Each structure stands twice: as structure tokens, then as C-alpha cells.
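See structure below.
The values are calculated or read from the model by the stated rules, or taken from the named source; none is laboratory data. Computed from a predicted model, the values in this text were never measured in an experiment. Methodologically, a virtual Cβ is constructed for each residue, glycine included, from the backbone with ideal geometry; neighbour enumeration extends over all protein chains shown.
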């Protein structure tokens, strides 16, 4: 499975409904209980990341079509509140944050 394939699958109605309906459930239980769902491990992983990032990135996690890469880059991302603060301190149309 490639990232492109997962990205395409997460756009489907079936995947979006699964994420919406199970967003508060234990991802490990979903893997065990959802035998007929294609890509169940990947969808459970997306649900786990959404749960982990719900406070930090509430707008992003509210959209079932956003694909979270996971790992250190996701964990170390700035929160939406921090991003808004940084954006308010800078004038102009473009900014490159290489921190």
C-alpha cells in the first residue's frame, strides 16, 4: 500500500463514514472488530492520530479527508493556536518557517 493509495481511499465515502463513526473508539479494538473493512489498520491508525492531535489541531482533525502522516513530524507540529499567534506577528503574504 502506498501513500497515494491510502490518500485516495481516505477520500471515499466508506472511509470517511468509518472515521466519523469510530472517532471516539479504541483504535486497537477497531482493528480486532472490523474484519470486513478494507484498510482497517490504516483507518485505525488515522483515528489514533486524530485522537492524539484533537486538542492541538482541532480544525484539521475535524475533517475526515485529512491524511495524517504520523511519526515525529506530526507530534512536533505547532498547534493551531501557535500558528495563529505566529501569523499575527508577521506581515506579508508568504512566510517560510524552517524551525
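Against the definition (surrounded by 11 or more Cβ atoms within 10 Å (Cβ to Cβ), within 11 Å of the chain's Cα centre (by Cα) and closer than 30 Å to residue 97 by Cα), how does residue 8 come out, yes or no? Spelling it out, it is not the case that residue 8 is surrounded by 11 or more Cβ atoms within 10 Å (Cβ to Cβ), within 11 Å of the chain's Cα centre (by Cα) and closer than 30 Å to residue 97 by Cα. When we screen 55, 50, 84 for residues that are under 9 Å from the mean Cα position of the chain (by Cα) and surrounded by 10 or more Cβ atoms within 10 Å (Cβ to Cβ), the only hit is 50.
Scanning the range 68-99 for residues that are modelled with pLDDT under 80 and touching a helix residue (DSSP H, G or I) at 6+ places or on another chain (Cβ under 9 Å) yields a total of 2.
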